[in-house]
Amino acid sequence: MHWSEYLLPLAEGAWVTVQLTVYSTILGGVLAFVFGIGKLSSNMAIKSVSVGYIELFRGTSLLVQLFWLYFALPLAGMAIGIDLRLPPVVAGVLALGLNIGAYGAEVVRGAIQSVHQNQREAARALNFTPRQTLFNIVIPQAIPEMMPSFGNLAVQNLKDTALVSLISLGDLTFRAEQIRNFTQDSTTIYTLLLLMYFGMALVVTVVMHLIERFAGRWRMVGS
Amino acid sequence: MLFGFEWDLTNPLNFAISILPILLVGMWVTIQATVLGFFVALVLGLFLAVLKSARSRFIAWPARLVTEFIRDTPLLVQLFFLYYVLPEYGIVLPAFMTGALALGIQYSAYTSEVYRAGIEAVGRDQREAARALNLSAANTFTHIVVPQAVPRIVPAMGNYLVSIMKDVPVLSVVTVLEMLNVAKIIGDRTFDYLVPLSLVGCLYLVMTLVASAGVRVLDTYLPKQGLPLK
Amino acid sequence: MTDAIIRFDKVVKRFGDLTVLDELDFEVKKGEKVSIIGPSGSGKSTVLRILMTLEGIDGGVVHVDGEPLWHELREGSLLPASEAHLRRMRSKLGMVFQQFNLFPHMTVMRNITEAPVKVLGLGKKEAQLRAEELLDLVGLADQAKKFPHQLSGGQQQRVGIARALAMRPSILLFDEPTSALDPELVGEVLTVIGRLAEEHDLTMLLVTHEMRFAREISDRVCFFDRGQIREEGTPDELFTDPSEERTREFLKAILD
Ligand SMILES: Nc1ncnc2c1ncn2[C@@H]1O[C@H](COP(=O)(O)OP(=O)(O)OP(=O)(O)O)[C@@H](O)[C@H]1O
Ligand SMILES: [Mg+2]
């Protein structure tokens with residue numbers, strides 16, 4: 001088998017990796033905002049749930065979380081009489097999203113807290129409700145602050161998708177493993193694999209950079 | 001039975017208690033892999049940091065590219081690469097060593113940035129002051145830069161130590177018997193994954209909490225202005 | 001009761017061990033323009049911040065427009081105010097900040113229309129028309145589309161004034177509106193404030209270090225010292241013939 005023949009199956013795997021990355025990053029982004037804002041809530045119940053979520057997923061290993069969702073959750077479901085068997089894709093997206101969301105929540109919290117107190121006071125003087133202040137004044141200013149960290153997290157997430165190959169999801173790494181088993185041509189395959197991940201990471205970096213510029217476009221106007 | 005310990009499947013609690021010693025054996029492997037990987041990351045990261053700050057572009061740029069490449073590719077794939085490709089060139093390492101090496105390489109990309117940021121934070125003015133006092137470059141580095149950079153570097157490095165700990169389960173793919181792998185084997189044999197995997201989760205929480213607390217204590221005891229020199 | 005629109009009644013404010021306002025009594029009549037002067041740390045900003053509900057109080061009662069600001073009359077007793085009460089009271093007041101505090105992510109137009117639309121429920125068109133009038137008033141009709149960072153400090157502060165006015169407050173609070181500005185930009189802001197004072201029946205409360213200006217526009221000047229009003233009177237009385245030694249020292253120090 002010539003190395004160019006690896007490309008088609010690898011491309012198929014890469015497409016799965018791209019989808020996994022996109023879905024889990026979006027899920028993670030949503031969770032990051034929900035729990036990052038939740039951690040700052042004055043409602044103790046919301047605050048505790050948020051802190052609990054963040055600590056649980058940052059305090060344990062992603063692979064443990066993935067295995068738990070895929071192998072242990074169905075058994076937990078069986079014990080209470082619900083079918084909680086997840087297809088590998090769902091378990092993968094869920095584990096990746098929950099994990100990256102917990103890290104993202106800390107980023108969101110930090111960025112929200114970094115918005116100057118002045119801004120909240122001005123909003124209060126203009127009689128905005130706390131909710132309006134958060135969503136119209138504070139968060140739009142916090143988002144550009146979050147973006148560099150979100151960019152790093154998105155790349156981290158892309159790399160982490162490789163782990164789903166361990167629950168036999170046909171992503172890029174999984175396909176590469178299949179080919180290696182078949183051809184034993186480790187050097188070529190893993191070199192290709194590394195280069196492909198590197199390329200995808202560069203694309204993710206560029207995309208996140210564009211989003212960053214878009215979110216902070218008011219900062220650049222006229223300068 | 002695993003590592004000479006029997007499990008007791010009469011009820012979940014007994015099961016959990018009976019496999020705890022087995023998981024602790026796995027945890028010991030996890031800790032060893034963490035420490036060894038961290039050590040490699042510290043050494044290799046310093047090496048990369050020095051190369052990246054080299055005056056010559058022909059050294060600095062490739063070093064930057066390598067760092068970026070390491071940082072942007074998955075640990076799992078790097079591990080596979082080392083595990084399957086090194087032997088083709090006659091380098092045969094035990095799985096555990098390969099795993100620790102992969103961890104060290106992956107995290108050297110991060111630690112090299114910590115070194116660089118820590119040294120840069122000491123600031124040009126400090127270095128210029130040292131030059132004004134006619135200190136040699138080597139003296140400036142060891143007596144001015146390092147003592148001030150260390151308190152900045154240590155907490156960041158500590159956080160990466162915790163991250164490495166959470167990445168050790170990846171080594172299970174090359175048969176390293178770390179904690180998650182042990183739990184998975186117990187699950188495979190007993191068809192009960194819930195108890196062992198949940199227990200691993202709890203043990204991980206304990207480990208990361210202890211490690212993070214350790215980092216915080218270290219941080220509070222480090223003098224912020226720099227290490228005192230006699 | 002008098003026609004006081006603002007009345008501080010033995011108001012106490014503490015930050016930890018530090019008593020910033022010590023049983024302060026203080027009144028402002030409707031439409032009156034009052035300047036507050038005094039040394040740094042004497043509690044001038046604190047008075048404004050209490051009125052704007054940015055800072056609570058530890059004793060006494062503040063009345064605005066005949067109603068307690070930080071309290072609510074419920075079942076015959078004065079209880080701490082609810083958020084709803086504070087919101088209702090807050091709508092009577094506007095504030096211009098020392099650091100302008102414009103929203104950096106919004107254009108000038110949006111800075112002025114956001115609150116009228118979101119808080120008062122004005123239509124977008126109506127809010128924009130109102131904003132255009134206000135921008136005209138502060139001399140920035142041609143800057144509506146710019147972002148705050150594209151404007152000079154003086155221009156930003158004038159937007160700040162327009163933004164506060166857009167909420168149609170009956171009391172406008174100024175906390176050292178020119179002290180963050182380069183000297184050459186102070187004039188344009190003072191001109192706008194002076195015009196407001198002359199042409200509108202707004203009640204104005206102005207903390208300032210610009211003594212000449214305070215003298216020109218104020219009906220009354222209050223000299224604050226250690227959380228108390230040490231001396232007050234018409235500008236002429238206070239500036240030309242202060243009766244208190246402390247006032248004289250302060251004025252001498254600041255005018256030299
Ligand atoms: N949030 C706070 N926490 C603690 N102390 C505060 C706080 N805000 C104000 N203070 C203190 O209260 C005192 C009065 O403050 P205030 O800002 O009212 O003074 P000021 O008269 O406006 O002075 P300046 O001319 O410097 O603005 C000062 O000693 C200040 O340090
Ligand atoms: Mg002040």
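The values are calculated or read from the model by the stated rules, or taken from the named source; none is laboratory data. As the structure is a prediction and not an experimental result, all values here were calculated from the model. Because the Cβ atoms are built from the backbone with ideal geometry, glycine has one as well, and the counts that use them run over all protein chains shown.
Sort out which residues of region C:18-60 are more than 9 Å from ligand 1 (Cβ to nearest atom) and hydrophobic (A, V, I, L, M, F, W, C), and write them in order of number.
C:L24, C:F26, C:V28, C:V34, C:I37, C:I50, C:L51, C:M52, C:L54, C:I57
Look through B:V176, B:V145 and report the one residue that is crowded, with 16+ Cβ neighbours inside 10 Å and part of a helix (DSSP H, G or I).
The match here is B:V145.
Table: residues versus (1) of a type in the set (S, T, N, Q); (2) within 19 Å of the chain's Cα centre (by Cα); (3) outside any helix (DSSP H, G or I); (4) surrounded by 20 or more Cβ atoms within 10 Å (Cβ to Cβ).
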site	(1), (2), (3), (4)
B:L23	no, no, no, yes
B:I31	no, yes, no, no
B:T34	yes, yes, no, yes
B:A41	no, yes, no, yes
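Out of all the residues in region C:139-151, which are in contact with a helix residue (DSSP H, G or I) (Cβ under 6 Å, 6 or more places away or on another chain) and within 14 Å of chain A (Cβ to nearest Cβ)?
C:Q143, C:A144, C:K146, C:F147, C:P148
Of the numbered conditions (1) over 26 Å from C:E216 (Cβ atoms); (2) without any contact (Cβ under 8 Å) to a residue 60 or more places away in the chain; (3) among the acidic types (D, E), C:E27 satisfies every one except a single condition; which is it?
The single condition C:E27 does not satisfy is (1).
Just name the residue that is nearest to the chain's Cα centre (by Cα) out of those in region C:107-132 that are acidic (D, E) and surrounded by 15 or more Cβ atoms within 10 Å (Cβ to Cβ).
Here the residue is C:E114.
So, A:E121, is that one under 30 Å from C:N111 (Cα atoms), under 15 Å from the mean Cα position of the chain (by Cα) and within 13 Å of another protein chain (Cβ to nearest Cβ) or not?
No.
Among the residues of region B:159-193, count how many are acidic (D, E), within 14 Å of A:F67 (Cα to Cα) and in contact (Cβ under 8 Å) with a residue 12 or more places away in the chain.
2
Yes/no matrix, rows are residues, columns are (1) over 30 Å from C:P148 (Cα atoms); (2) within 14 Å of chain C (Cβ to nearest Cβ); (3) at pLDDT below 95:
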site	(1), (2), (3)
A:A45	yes, no, no
A:F57	yes, no, no
A:L63	yes, no, no
A:P74	yes, no, yes
A:I82	yes, no, yes
A:L94	yes, no, no
A:G110	no, no, no
A:F128	no, yes, no
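Could you tell me which of the residues A:Q184, A:Q156, A:Q178 is polar (S, T, N, Q), within 10 Å of another protein chain (Cβ to nearest Cβ) and more than 19 Å from A:Q19 (Cα to Cα)?
Result: A:Q184 is the single residue among A:Q184, A:Q156, A:Q178 that is polar (S, T, N, Q), within 10 Å of another protein chain (Cβ to nearest Cβ) and more than 19 Å from A:Q19 (Cα to Cα).
Which condition number in (1) surrounded by fewer than 19 Cβ atoms within 10 Å (Cβ to Cβ); (2) away from chain A (no Cβ under 14 Å); (3) of a type outside the set (A, V, I, L, M) is the one that B:K52 fails?
B:K52 satisfies all of (1) surrounded by fewer than 19 Cβ atoms within 10 Å (Cβ to Cβ); (2) away from chain A (no Cβ under 14 Å); (3) of a type outside the set (A, V, I, L, M) except (1).
Across region C:182-230, what is the number of residues that are of a type in the set (S, T, N, Q), out of contact with any helix residue (DSSP H, G or I) (no Cβ under 9 Å at 6 or more places or on another chain) and within 22 Å of C:F100 (Cα to Cα)?
If we filter region C:182-230 for residues that are of a type in the set (S, T, N, Q), which is where we start, we get C:191, C:203, C:208, C:218, C:228.
From what's left, out of contact with any helix residue (DSSP H, G or I) (no Cβ under 9 Å at 6 or more places or on another chain): C:191, C:203, C:228.
Remaining after also requiring within 22 Å of C:F100 (Cα to Cα): C:191, C:203.
Residues meeting the conditions: 2.
Residue by residue through region B:185-203, note down the ones that are surrounded by fewer than 24 Cβ atoms within 10 Å (Cβ to Cβ), facing chain A (nearest Cβ under 7 Å) and under 20 Å from A:N99 (Cα atoms).
Selection gives B:L194, B:S198, B:G201.
Considering only residues that are within 13 Å of another protein chain (Cβ to nearest Cβ) and assigned to a helix (DSSP H, G or I), which ones fall in region C:110-138?
C:R110, C:N111, C:I112, C:T113, C:E114, C:A115, C:P116, C:V117, C:K118, C:A127
Would you list the strands (runs of 3 or more DSSP E) that sit entirely within region C:1-86 and hold 2 or more residues that are farther than 19 Å from A:E121 by Cα, more than 14 Å from chain A (Cβ to nearest Cβ) and within 16 Å of ligand 2 (Cβ to nearest atom)?
Answer list for region C:1-86: C:18-29, C:33-37.
C:M95 is checked against (1) at pLDDT below 95; (2) within 14 Å of chain A (Cβ to nearest Cβ); (3) within 16 Å of ligand 1 (Cβ to nearest atom); (4) touching a strand residue (DSSP E or B) at 6+ places or on another chain (Cβ under 9 Å) and fails just one. What number does that condition carry?
(1)
Of all residues in region C:29-75, count the ones that are over 26 Å from C:L255 (Cα atoms), within 17 Å of the chain's Cα centre (by Cα) and not polar (S, T, N, Q).
15
When you scan region B:214-230, do you find a residue that is within 11 Å of chain A (Cβ to nearest Cβ) and not in a loop (DSSP other than H, G, I, E, B), even just one?
Checked region B:214-230: no residue is within 11 Å of chain A (Cβ to nearest Cβ) and not in a loop (DSSP other than H, G, I, E, B).
Out of region A:205-223, which residues are more than 9 Å from chain B (Cβ to nearest Cβ) and either of a type in the set (S, T, N, Q) or touching a Gly at 6+ places or on another chain (Cβ under 8 Å) (or both)?
Passing the criteria: A:M208, A:H209, A:E212, A:S223.
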